[in-house]
Amino acid sequence: MGEFRERWVHVHGCRRWFNVVRDTSTHEIAGSYPMGTAGPELPS
Amino acid sequence: MKRLAERGRVDRSRALSFTFDGRSFSGFEGDTLASALLAEGERVVARSVYHGRPRGVFSAGRDEPSAYVQLGEGPRSEPLQQATRVELVAGIVARGLAGVGSLSDEPDTDRYDKLHAHCDVLVIGGGPAGSAAAWAAGRAGARTILLEDEAELGGHLLGVPPSAPDTAARAWLDDKIRELASFAETSVATRTVATGLYDGGTVYALETRKRPGDPASAHRIARRLWQIQAREIVLATGALERPIVFSGNDLPGVMLANAGRAYLNRYGVLCGQQAVVFTTNDSAYAGALELVEAGCRVACIVDTRDDPQGELVARAQAAGVDVRVGSAVAIAHGGSSVEAVDVGRLDGESATAPDLERQECDLLLVSGGWDPQAQLARHVGARVLARPTGGGFSVDVPPRRTALAGACNCTFALSSALLEGIGAGERAAAARGFSAPPEPAPEVDEPLAEAPRPVFFVAPPDGDLSRCYVDLHRDTTAADIKRAVGAGLTSIEHVKRYTSAGTGADQGRTAGVNVAAVTAELLGAPLSEVGLQNARPPTVPVAFAALAGRNRGEMYDPVRVTPIHEWHVEHGAVFEDVGQWKRPWYYPRGDEALDAAVLRECAAVRASVGMIDASTLGKIELRGPDVVEFLNRMYTNAFDTLAVGSCRYGLMCTLDGMVFDDGVVMRVDDERFIATTTTGGAAAVMDWCEEWLQTEWPELEVYVTSVTEQWATVALAGPAARNVLARATGIPLDNGSFPFMAIRDGAVAGIPARVCRVSFSGELAFEINVEGLSGLSLWEALWEAGQPDGIVPYGTESMHALRAEKGYVIVGQETDGTVTPLDLGMGWIVSRKKPQHFVGKRSLGRTDTNRPDRKQLVGLRPTDPSARLPEGAQLVLDPDQPVPMRMVGHVTSSYESAVLGSTFALALLESGSDRNGEIVYAPLVDGAIAAEVTSPVFYDPENERRDG
């Protein structure tokens, strides 16, 4: 539970894969960042 | 006549005639079907679902549990409409429902649509608080959407007379509502009801564009489903009056107090001549006083409170109304309508003393208090808590980026609701970076409300609960709840499922809290412990047609046809669906059946030449400096050794080492390949390539493009294929200059073409690719060129039979996601010595994928050459073993072969590669079919025919 890094793909649009930080209990999306980049620090 | 000469917002100059239950009536523009029926003195509108009890109009809005009608006739008929929410239009035809409506057998001819909207601030509910919130957010410049279920903004104020003391506030609000239209970034959607709130600020709403049953608007889009993406949400969904449970509380003429008031003030309809008002709070007094003023005799106001002192109470007493304090209505009497009530002193919270007093009346207005309506917040998990006063429940903590304003937040006073709305709108806009200088809020002169004394349930003195309706819509009585509790159910969710209370099309709006209260009382538990039933989307019934929108028929699942389709149709092809594609299945001559046509088509290919439209094969163009490396990683075999101008069969696996797709890959240039895929797998292969390139190997510079529809492909197969093609092209076709698995560019029939020597039948074959629009010209030219050799068009069934004779697999037919290349006997294509990795390589090294007793591809020859194994038939070693038999495999493909003169099949069989010559059996209903295990290659195992 909590913030989790996920791989998403924009299937019906630009078809881009990207990373998303999503809270698995609230479904709140904290942000997204491109593939291959480190992304934000997550609370441990 | 019940219609008053003056009051109301209806337009008395515009009379509208309509039909109800086969009789003609008349109402006015501005009426609902319910108000028009009440004005005509129609008390009974429908029958209840299980008990068949007469039911009348109970409310004035979405909460209506009783007055359900079927609107219109034929394919556009609308079932289960609340009469209280049907805007009256001329010529409308309605009939009261006994419980449930019925859908037409014919397809709905109405059109439905979908709409996507994005906003900074979404305000749901256009009453005072919501309108104020939208105004505050809109004037700050935020992109704002205001949704209102009804046709106009104003909420409960539409049912309040213009003379009420809060005139100044209402004038202020009217002014702000007009101002909303001038904000460039603000839109107001009326007749649009939010049906569900979802994570991340997604809201669905249903807009009714065509007034149901209105013949004059038949051409319009009937309904539109909005998907709204909102950054901030303000819920201003108001409150609904709660009924009280007592014996006979479902009789026509028993009505929510605010409904009686709304019919009077909004529609100019007096719902009775002699009224009794039963209330737990002050709110019903205003309506009672208005009834007196309009000429209705109010026999008494029965108030549960022992000593109400509010200003409205005093005014009622001053007007000569008999106010009976500390009392309750225990029983309502009547046949098809209420005729009298029994009133008694309250003894405890829900019991009445045995000495009851009869009071005649033809209207009983009930107010059990007000329940905030915040179901939308609960859709995303907001919890409710029992309220400290007023009864019922309220939202504990609103969802993220969602604010509650007004009555849905238990803020009932108009002045406070307006302030709360303005504040919520300003804060929501500010959260998005928008603000405006403050403007003074209106002053409201309203009487201070005194605390209510909630009473949910009044048991009759004789203890008979079978007429005490908790849910009028579902015909659930307190007796049903008692049975549920008696059966040991303690959870409100279980009581709901056991009794079905609260599960109706009205979403139990008038029932929910009372179900909880009656359950709590029967359990002897506090309301806070029992809790409230869950609220789930949708808040109102949404027709499937509205969910589908335009995605119906062909628009639901598009039909894809090749550029040559027209020719196939003209030549009598029978089509089969392959994914979304229509492919010729076979081309019957005369009344030829499938099997006969396939035998003929296959024989022609083996003896002379056939042609097939192969345009549906997926085609992906891959380019870039790293394309070879990419192909090496995606396919099990190597592509660095493939020369320009050649092509190679390739197999792809998923990570678990199972066969995923196959096809021929052409190298058209150093850094440019075209990979073909199976017809059904094209999109998945494209996705697969993109996923790996973007996520795991971003360092590879490769560009993948789907070119399936940019190319049309015709295959010529058979010993005469070279002769036919030679008549249409100057490309040298002899084996020396155009060997097997070579590709050549040139003109065919004058069209720029790329020709490949690949074969899916084992015969000499050429696949000619041209740009899509030239496909039909190419086909017709080759058809002409083939006439001297008696060329035959063949369909997918013959193609399948021909390839099966050669033991070529079809991914998805011989494989099902559990089959490795080794299982198919295709170990030769897995370059396990290839130094670099490929997808699935590691899994192919696992012990389990190398078990010798896995199911492996074999051929089957039935011992009776005329017996055909059904595809999918299970195989056993001993047909006489007891059931359940041990199954050792199944048939994947089965055909009758022209060239073999017998039937044959492909199958997956345990340890199949070690069973050559064994007999296996397919046990069927009418006996077992025996078959000999053979090599899967039935025809020309030496590949002598492919060079012609």
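The values are calculated or read from the model by the stated rules, or taken from the named source; none is laboratory data. Remember, predicted model here, so these are calculated numbers, not experimental data. Positions of Cβ are backbone-derived with ideal geometry, glycine not excepted, and every protein chain shown enters the neighbour counts.
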For region B:693-734, enumerate the residues that are away from every other protein chain (no Cβ under 14 Å), of a type outside the set (D, E, K, R) and in a loop (DSSP other than H, G, I, E, B). B:702, B:707, B:718, B:719, B:720, B:728, B:730, B:731, B:732, B:733
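Yes/no matrix, rows are residues, columns are (1) in contact (Cβ under 8 Å) with a residue 12 or more places away in the chain; (2) assigned to a loop (DSSP other than H, G, I, E, B); (3) closer than 16 Å to residue B:457 by Cβ:
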| site | (1), (2), (3) |
| --- | --- |
| B:490 | yes, yes, no |
| B:498 | yes, no, no |
| B:516 | yes, no, yes |
| B:521 | yes, no, yes |
| B:533 | yes, yes, no |
| B:538 | yes, yes, no |
| B:545 | yes, no, no |
Which of the following residues is within 14 Å of chain A (Cβ to nearest Cβ) and at negative phi: B:389, B:402, B:411, B:352? B:402
Do any strands (runs of 3 or more DSSP E) lying entirely in region B:341-390 carry at least 3 residues that are touching a helix residue (DSSP H, G or I) at 6+ places or on another chain (Cβ under 9 Å), and which ones are they? B:363-367, B:370-372, B:384-386
How do the pairs read when you match residues in region A:6-27 that are more than 9 Å from chain B (Cβ to nearest Cβ) and closer than 17 Å to residue B:690 by Cα with residues anywhere that are in a loop (DSSP other than H, G, I, E, B) and of a type in the set (D, E, K, R), using Cβ under 8 Å and keeping only pairs 6 or more apart or on different chains? A:10/A:16
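Each row is one residue, and each column tells you yes or no for (1) out of contact with any Gly (no Cβ under 6 Å at 6 or more places or on another chain); (2) under 29 Å from residue B:239 (Cα atoms); (3) assigned to a strand (DSSP E or B).
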{"site": "B:28", "(1), (2), (3)": "yes, yes, yes"}
{"site": "B:36", "(1), (2), (3)": "no, yes, no"}
{"site": "B:70", "(1), (2), (3)": "no, yes, yes"}
{"site": "B:95", "(1), (2), (3)": "yes, no, yes"}
{"site": "B:116", "(1), (2), (3)": "yes, yes, yes"}
Residue hits (region B:390-425; surrounded by fewer than 22 Cβ atoms within 10 Å (Cβ to Cβ), touching a residue at least 24 places away in the same chain (Cβ under 8 Å) and charged (D, E, K, R)) are B:401
For residues in region A:34-44 being touching a strand residue (DSSP E or B) at 6+ places or on another chain (Cβ under 6 Å) and away from chain B (no Cβ under 13 Å), which is nearest to residue B:399 (Cα to Cα)? A:42
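Residue by residue, here is whether (1) within 32 Å of the chain's Cα centre (by Cα); (2) modelled with pLDDT of 95 or more holds:
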site: B:1; (1), (2): no, no
site: B:26; (1), (2): no, yes
site: B:32; (1), (2): yes, yes
site: B:69; (1), (2): yes, yes
site: B:84; (1), (2): yes, yes
site: B:97; (1), (2): yes, no
site: B:102; (1), (2): yes, no
When you scan region B:854-867, how many residues do you find that are without any contact (Cβ under 8 Å) to a residue 60 or more places away in the chain, touching an Asp or Glu at 6+ places or on another chain (Cβ under 7 Å) and either part of a loop (DSSP other than H, G, I, E, B) or farther than 16 Å from residue B:917 by Cα (or both)? 2
Residue B:59 fails exactly one of (1) farther than 24 Å from residue B:149 by Cβ; (2) assigned to a loop (DSSP other than H, G, I, E, B); (3) among the polar types (S, T, N, Q), namely (1)
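Listed here are the residues, each with its yes/no results for (1) in contact with an Asp or Glu (Cβ under 7 Å, 6 or more places away or on another chain); (2) surrounded by 21 or more Cβ atoms within 10 Å (Cβ to Cβ); (3) polar (S, T, N, Q).
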{"site": "B:263", "(1), (2), (3)": "no, yes, no"}
{"site": "B:273", "(1), (2), (3)": "yes, no, yes"}
{"site": "B:277", "(1), (2), (3)": "no, yes, no"}
{"site": "B:306", "(1), (2), (3)": "no, no, no"}
From B:194, B:142, B:168, B:133, which residue is crowded, with 24+ Cβ neighbours inside 10 Å, in a helix (DSSP H, G or I) and in contact (Cβ under 8 Å) with a residue 60 or more places away in the chain? B:133
Expected output for region B:814-827 (first residue over 17 Å from residue B:800 (Cα atoms), partner assigned to a helix (DSSP H, G or I), Cβ below 6 Å, 6+ apart or cross-chain) is B:820/B:849; B:821/B:829
Every residue in region B:222-247 that is at pLDDT below 95 and of a type outside the set (Gly, Ala, Ser), please. B:223
Identify the residue in region B:434-483 that is closer than 17 Å to residue B:513 by Cα and without any contact (Cβ under 8 Å) to a residue 24 or more places away in the chain and, among all such residues, is surrounded by the most Cβ atoms within 10 Å (Cβ to Cβ). B:477
Could you grab me the full set of residues in region B:197-213 that are at pLDDT below 95, buried (at least 19 other Cβ atoms within 10 Å of the Cβ) and within 14 Å of chain A (Cβ to nearest Cβ)? B:201
